[in-house]
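These notes concern the structure reproduced below.
The values are calculated or read from the model by the stated rules, or taken from the named source; none is laboratory data. In this text the structure is predicted, and so the values were computed from the model without any measurement. Here the Cβ positions follow ideal geometry from the backbone for every residue, glycine too, while neighbour counts run over all protein chains shown. Each accessible area value is taken on the protein alone, full model and side chains, heavy atoms only, with ligands, DNA and RNA left out. Shrake-Rupley method; radii C 1.70, N 1.55, O 1.52, S 1.80 Å.
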Amino acid sequence: MEADRDAASAAPAVPGSEIAAAADGGSAARGWLRLGRDGRLTAYASCAEGLVRWTESAPGSDVWQGPELFPVEGWAGRFTLAQDSGGFVWFAGTRHRDGAPGGSELIVAAQYQTGRPLGEWRAVGNPFPEGEREGGEPRPPQGDPVLLPDGTGSLHILATRFGTGVRGRTRHHDGKWGSWVDYQGKWAREAVVPLVTAQGRAEFLAPFRGGAAYWGQDAPGTDFRWLGRVEADAVEGTCSSHETGSGTGTYFWRHPADGGVIAYRPQAPAGRSPGLMPLGGAGGVGPVDVARTRINGYDCTVLLQRGAEGCPEIAAYPTEGEQYGTWWAPVGDRCAGLPAISRDARGSVTIAMIDTDGGLLVARQDPTDPGLAFGPWRRVG
């Protein structure tokens, strides 16, 4: 691992127009704003040549470094990311390469420290064997590969293909990769939705038309097992998740009737499941990003979406108190792709978006206001 730390250095900054075009084209990853162990926030995006990054110069600073481009040969233009308990940020994507089954392969890389170069991109193969063909050619995964780090130091990569199901491979804490495992779920139509609890237990939801199936670990490091399913209509590509209680996750998606946000907790105690819970946000697009913070002394869940007019909109409600309802408020001008939310080194809610020129804009929660008020947007990249 040490040998990988300087393996992928940044190239000169990519033009902002390319970043904006890629974000509006659907390349934005869920949760693309992350807090590092040193207290600095980092924002990630994509363009045709590879991964793009902006980094705070110091915790809570309005001065950021970037955008920096990390080129990836054969880059397919989309990525997902996850952060493990050690603060490492892991990335997964797809690379086109001659000789790979179907002409492409899944790749994984890591950023071990905030602001440092990425480690080497490692190919992890194709989860769907060469013998499973369509029109004479191997069929590639459907949706983006998803990463899921658990509390034992293992990293799971999961991919989906409609008609075959969900398959995963695990990089164990010693760095060795296991074989691909078939989790069935042949009707899954898009990338799985991952969630890791504070205790390190990993789980994921696999959406299909008319519902979703659910897998999880009994404890960190154990095998994933099928835990059930939910019957629910959802707009494809709009699912996200967040831990909202001790060991309990809530999943969010959009209802096809009006694009409103729906919440669901599959791990709610028996007899206490609230079922499907509407949270407003009609007309919004894509998945919501989620954070938790204290507002007026109460533990609250904060949702951030790209609204019907293409502008960021925010809502908050008492955590796991969906019955109290939400009110969505616009918090910025038109953005490219999805906005993102995190808490900074001071615990303040921070929201970010890429503007239509490809620049990074950041707004922070006003520390003098007991509610959820934000200071002005600042263009930092």
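Among residues of region 77-104 that are closer than 27 Å to ALA43 by Cβ and among the charged types (D, E, K, R), those with a Cβ under 9 angstrom from a residue that is open to solvent by 30 Å² or more (accessible area, probe 1.4 Å) and assigned to a strand (DSSP E or B), sequence gap 6+ or separate chain, pair up as ARG78/THR94; ARG78/ASP144; ASP84/VAL196; ARG95/ALA76; ARG95/ALA123. Going residue by residue through region 267-276, is there one that turns out to be modelled with pLDDT under 95, basic (Lys, Arg) and open to solvent by 70 Å² or more (accessible area, probe 1.4 Å)? Yes, region 267-276 contains a residue that is modelled with pLDDT under 95, basic (Lys, Arg) and open to solvent by 70 Å² or more (accessible area, probe 1.4 Å). Among the candidates PRO367, PRO330, the residue that is open to solvent by 20 Å² or more (accessible area, probe 1.4 Å), over 20 Å from the mean Cα position of the chain (by Cα) and closer than 17 Å to ARG306 by Cα is uniquely PRO330. Scanning region 57-76 for residues that are open to solvent by less than 30 Å² (accessible area, probe 1.4 Å), touching a residue at least 60 places away in the same chain (Cβ under 8 Å) and outside any loop (DSSP other than H, G, I, E, B) turns up TRP64, PRO67, PHE70. If you go through region 333-359 and keep only what is among the polar types (S, T, N, Q) and open to solvent by 10 Å² or more (accessible area, probe 1.4 Å), you end up with SER342, SER348, THR356. Of the residues in region 288-302, at least one is under 13 Å from GLY260 (Cβ atoms) and β-branched (Val, Ile, Thr).
Just wondering, is there one or more residues in region 122-141 that are modelled with pLDDT of 85 or more and either surrounded by 20 or more Cβ atoms within 10 Å (Cβ to Cβ) or not in a strand (DSSP E or B) (or both)? Scanning region 122-141, I find no residue that is modelled with pLDDT of 85 or more and either surrounded by 20 or more Cβ atoms within 10 Å (Cβ to Cβ) or not in a strand (DSSP E or B) (or both), so the answer is no. One residue stands out in region 311-327 among those that are open to solvent by less than 70 Å² (accessible area, probe 1.4 Å) and of a type in the set (S, T, N, Q): the one that is nearest to PRO287 (Cα to Cα), namely THR326. For TYR44, the conditions (1) outside any strand (DSSP E or B); (2) within 15 Å of GLY337 (Cα to Cα); (3) modelled with pLDDT of 95 or more all hold with the exception of (1). Residues of region 182-221 that are among the small types (Gly, Ala, Ser) and either under 17 Å from the mean Cα position of the chain (by Cα) or crowded, with 17+ Cβ neighbours inside 10 Å (or both): GLY185, ALA188, ALA191, ALA198, GLY200, ALA202, ALA206, ALA212, ALA213, GLY216, GLY221.
Of all residues in region 77-92, exactly one satisfies the criterion of being under 22 Å from SER17 (Cα atoms) and either assigned to a helix (DSSP H, G or I) or out of contact with any helix residue (DSSP H, G or I) (no Cβ under 9 Å at 6 or more places or on another chain) (or both), namely THR80. If the condition is being assigned to a loop (DSSP other than H, G, I, E, B), open to solvent by less than 30 Å² (accessible area, probe 1.4 Å) and in contact with a Pro (Cβ under 8 Å, 6 or more places away or on another chain), then region 278-310 contributes only GLY307. If the condition is being of a type outside the set (D, E, K, R) and assigned to a loop (DSSP other than H, G, I, E, B), then region 326-335 contributes THR326, TRP327, TRP328, VAL331, GLY332, CYS335. The residues of region 78-108 that are at pLDDT below 90, at positive phi and open to solvent by less than 40 Å² (accessible area, probe 1.4 Å) amount to a single one, GLY103.
The residue list ILE314, ILE354 contains one member that is within 22 Å of GLU18 (Cβ to Cβ) and among the aliphatic types (A, V, I, L, M), which is ILE354.
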